[in-house]
1. Of the residues that make up the stretch 260-274, is at least one at pLDDT below 95, outside any loop (DSSP other than H, G, I, E, B) and among the charged types (D, E, K, R)?
2. Counting just the residues of the stretch 195-224 that are assigned to a strand (DSSP E or B) and aliphatic (A, V, I, L, M), which one comes out surrounded by the fewest Cβ atoms within 10 Å (Cβ to Cβ)?
3. If a residue has to be among the hydrophobic types (A, V, I, L, M, F, W, C), in a loop (DSSP other than H, G, I, E, B) and closer than 11 Å to T266 by Cα to count, how many in the stretch 301-326 make the cut?
4. Can you tell me which residue is surrounded by the fewest Cβ atoms within 10 Å (Cβ to Cβ) among those in the stretch 348-363 that are over 21 Å from F417 (Cβ atoms) and of a type outside the set (A, V, I, L, M, F, W, C)?
5. Out of the residues in the stretch 87-124 that are assigned to a loop (DSSP other than H, G, I, E, B) and in contact with a helix residue (DSSP H, G or I) (Cβ under 9 Å, 6 or more places away or on another chain), state the one that is surrounded by the fewest Cβ atoms within 10 Å (Cβ to Cβ).
6. What is the residue count in the stretch 372-397 for residues that are in a loop (DSSP other than H, G, I, E, B) and of a type in the set (A, V, I, L, M)?
7. Among I184, I157, I188, which is the only one that is without any contact (Cβ under 8 Å) to a residue 60 or more places away in the chain and closer than 20 Å to V96 by Cβ?
8. Would a scan of the stretch 242-257 turn up a residue that is aliphatic (A, V, I, L, M), in a strand (DSSP E or B) and crowded, with 22+ Cβ neighbours inside 10 Å?
Amino acid sequence: MSRRPPRPAFPAVPGGRRPSRLVAATAVLVAAALAGCAPPARSGAGDGDGGTLRIAAATDVGETLNPYASNQSPTQQLRSALLYEGLTRLSPEGKVEWALATEMTPNADLTRWTVKLRPGVKFSDGSDFTSADVVASIKYLRDPEHAAQGLAFIERIDPAAVEAVDPTTVEVGLSKPFGPFKEIWANILLPMTKAGSVPAAPIGTGPFSVRTFTAGRQSTLARFADYWGDKPKVAAVDITEFPSQQAQANALLSNQVDIASGATPTIAKSLGDKDDIELLDSKGDYTLRIGLNTAVAPFDDPRVRQALRLLVDRDQVVSNAFGGYARVANDHEAGTPQCPSPEIPQRRQDVERARALLAEAGQSTLSFAIATDGLLPGMQELAQVFAENAAKAGVRVEVKVVTVPEFLSKWGQWPVFIDFNPTPYLPTVIGTLLPGRVGNATHWDNPGFVALADELFQATGQEQCSIMNRMHRIENEQGSMITPAFVNVLMPYRSTVRGLVTDVSGRPLSFLTNVTVGS
């Protein structure tokens, strides 16, 4: 998944996708019921003694507690990572680890998988997690009526061929072979929930449970004492939502919060001068990129897309848009930790070659606007640096900053826009690089890439790496994205917070069980 899909007007699709704002309102009403499942927070602070970790996050008035919702902001995903778990998970280094499952074994042709579950796991309401809950979760996700955002990632699962063999064993049948079965369940959009609990009052197995929730404003999560893994050291996590990165920074400076989950490089550097503020710098594969809508002329012409890539001064993007907190990328997504980078020459700025390609395409006087809602640090700055670069070839670019609702309401319609992607390559391919996906707002459809994706889905182990690298080459030469840099995720925090870890996927707040807060 890259960008959230739009919040649709009711009804949006055949089958009656429910509007997320209605879901959010329902979630607020059930907060009181959820509160009964959460243990009370203890007062005080210190290593493992409790206390409340206070986090500032971006405002999203349309959010919901349903982890399967058809649209999710970074704030909703932050909270979901603490409440719900998948069969597998990503480590801070980006490697797939066992979570609620401990083993997955395929048949000979990769069309049926036997999943062994971790014994002794409990939901936050105290009930046992069993194979029946896995079956219910998968069938909920696979039902198009629910418009779950994670549906695209498990579309090869045959819902009629998912069955509980015993309390800790599940058989999963597929309509087509699928090799990276273990990897796909680490996706944050594919958590397991208690059978029958979603969407009204979802119950998970995560290290925290919901105490209070008000969409677009605040939520408090309480430590789940019977969590199967490492028990959280803080008694509660309080997430307060703010309209801008500067507002988050101000809350951190005034000691209203302990962590500002989003900060621009400028804000991060200014906060770094304060004695009681530290900076967590997660270097990894997180990207901000410029999307070119291939359903709109002239961006349907590969020559135009390649010319625009050649206009980018990537070193300037790193230094000016991201304040040095980034590294140069090469117009393709990242791979995986176990795969070497593809041997593709690094693209450099070449204004004259760009001019020639534009002239060849009949676009010597090209002008357009880049749309962004500026939701995340660096989005607006990236657009501005690109506009400066493009001007060198006579291409006029306007940076159009719109509200979040307007941006999302026109998702898939913007000719050029700023997008983000924190996810590993496999879910990126499935969710945003294949035709017909909700996340594919550029409407890119490359037959060669699609054919390689099908090969990737039938591959296992190291053979996946060579296929991925061939796919990266197609992205680099013919793709619909300008990806100039891998961006560090910066997170200022008070020095009283200890135990935070960096994360290559740009989601360090997914790992809070060993975090403490105190004087």
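The values are calculated or read from the model by the stated rules, or taken from the named source; none is laboratory data. Please read all numbers here as calculations on a predicted model, not as lab measurements. Neighbour counts are summed over all protein chains in view; Cβ atoms, including those assigned to glycine, are modelled from backbone coordinates with ideal geometry.
1. Keep residues of the stretch 260-274 that are at pLDDT below 95, which gives 261-274.
In the following step, the residues that additionally are outside any loop (DSSP other than H, G, I, E, B) were identified as 265-271.
Subsequent filtering for residues that are among the charged types (D, E, K, R) retains 269.
Yes: the stretch 260-274 contains one or more residues that are at pLDDT below 95, outside any loop (DSSP other than H, G, I, E, B) and among the charged types (D, E, K, R).
2. Let us first name the residues in the stretch 195-224 that are assigned to a strand (DSSP E or B), namely 208-214, 218-223.
Restricting the remaining residues to those that are aliphatic (A, V, I, L, M) gives 210, 221-222.
Working: V210: 26, L221: 29, A222: 24.
Here the residue is A222.
3. Initial filter on the stretch 301-326 (among the hydrophobic types (A, V, I, L, M, F, W, C)): 304, 307-308, 310-312, 317-318, 321-322, 326.
The next check asks that each one be in a loop (DSSP other than H, G, I, E, B); those that pass are 311-312, 322.
In the following step, the residues that additionally are closer than 11 Å to T266 by Cα were identified as 322.
Count: 1.
4. Among those residues, the one meeting the criterion is E352.
5. In the first step, residues of the stretch 87-124 are kept if they are assigned to a loop (DSSP other than H, G, I, E, B); the result is 87, 91-95, 99-100, 107-111, 118-121, 123-124.
With in contact with a helix residue (DSSP H, G or I) (Cβ under 9 Å, 6 or more places away or on another chain) added as a condition, the list becomes 87, 92, 100, 110, 123-124.
Values: L87: 26, P92: 16, L100: 23, L110: 19, F123: 23, S124: 26.
Only one residue tops the list, namely P92.
6. Applying the first criterion (in a loop (DSSP other than H, G, I, E, B)) to the stretch 372-397 yields 373-378, 392-395.
From the residues that got through so far, the ones that are of a type in the set (A, V, I, L, M) too are 375-376, 393, 395.
Qualifying residue count for the region: 4.
7. Working: I184 fails: without any contact (Cβ under 8 Å) to a residue 60 or more places away in the chain; I188 fails: without any contact (Cβ under 8 Å) to a residue 60 or more places away in the chain.
Among I184, I157, I188, only I157 is without any contact (Cβ under 8 Å) to a residue 60 or more places away in the chain and closer than 20 Å to V96 by Cβ.
8. Within the stretch 242-257 (the criterion being aliphatic (A, V, I, L, M), in a strand (DSSP E or B) and crowded, with 22+ Cβ neighbours inside 10 Å), the answer is no, since none of the residues qualifies.
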